[in-house]
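Data first, discussion second: the structure below is written as C-alpha cells.
Just so it is clear, none of the values below were taken in a lab; they were calculated from the coordinates. Predicted model, so just to flag it, every value in this text is computed and none were measured. In this analysis, Cβ positions are derived from the backbone assuming ideal geometry, glycine residues included, and neighbour counts consider all displayed protein chains.
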Amino acid sequence: MTQAARQPHGPRTFIGSALNSDGKPHPVENTFVAVTIVLGALAAISSAFHSLHLLSSWSGLLGILSGAWGQYISQTTGERFLLIIGLGAAALGFFLGMAHGGLFGGLIG
C-alpha cells in the first residue's frame with residue numbers, strides 16, 4: 001500500500017520552490033536575489049529621511065549593481081521577478097538619495 005508523501009510546509013519551503021522552480025539549487029543566484037532585496041528595502045526606507053541621503057544613495061547604487069548582475073545570471077522566473085522588485089526599490093532609493101544630497105553630499109567640497 002502506498003503512503004502519501006508529506007510535503008514540507010512553511011515560508012522557507014515556499015521561497016525555495018519559487019526561486020528554484022526548475023528543481024536545481026542556485027545558491028549564487030539566490031544570494032544575489034537576497035542581497036538585492038535587502039539593499040533595495042534599505043535604500044527605499046532610508047530615502048524617506050533627508051539626512052540619510054548617503055545611506056540611501058549608496059545602498060541604492062549597490063542594489064542596482066547587484067540586481068543587474070543577478071538579472072544577467074538568473075536562471076528561473078522567480079529569481080527574475082524578485083530581482084525586478086529589488087531593483088525598483090533600489091532605484092527609487094538611489095534617485096531620492098541623489099535628490100536629497102547625492103553620494104558625497106557635504107563630504108567632498
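Taking Cβ atoms as reference points and 13 Å as the exclusive limit, the residues near Thr77 contribute a net charge of -2, counting Lys and Arg as +1 and Asp and Glu as -1.
Which order do Val38, Val33 fall in if you start with the one that has the fewest other Cβ atoms within 10 Å? Mind showing how you got there, number by number?
Working: Val38 16, Val33 26.
Least crowded to most crowded, the residues run Val38, Val33.
Counting other Cβ atoms within 10 Å as a rough exposure proxy, the listed residues Leu39, Leu61 run Leu61, Leu39 from fewest neighbours to most. The chymotrypsin sites (Phe, Trp or Tyr not before Pro) of the stretch 58-109 meeting both criteria, a DSSP state outside H, G, I, E and B (loop) and at most 16 other C-beta atoms within 10 angstrom of the site's C-beta, are Phe104. Principal semi-axes of the equivalent ellipsoid, √(5λ) from the alpha carbon gyration tensor of the stretch 50-109, are 27, 10, 6 Å from largest down. Sorting His50, His26 from the fewest to the most surrounding beta carbons within 10 angstrom yields His50, His26.
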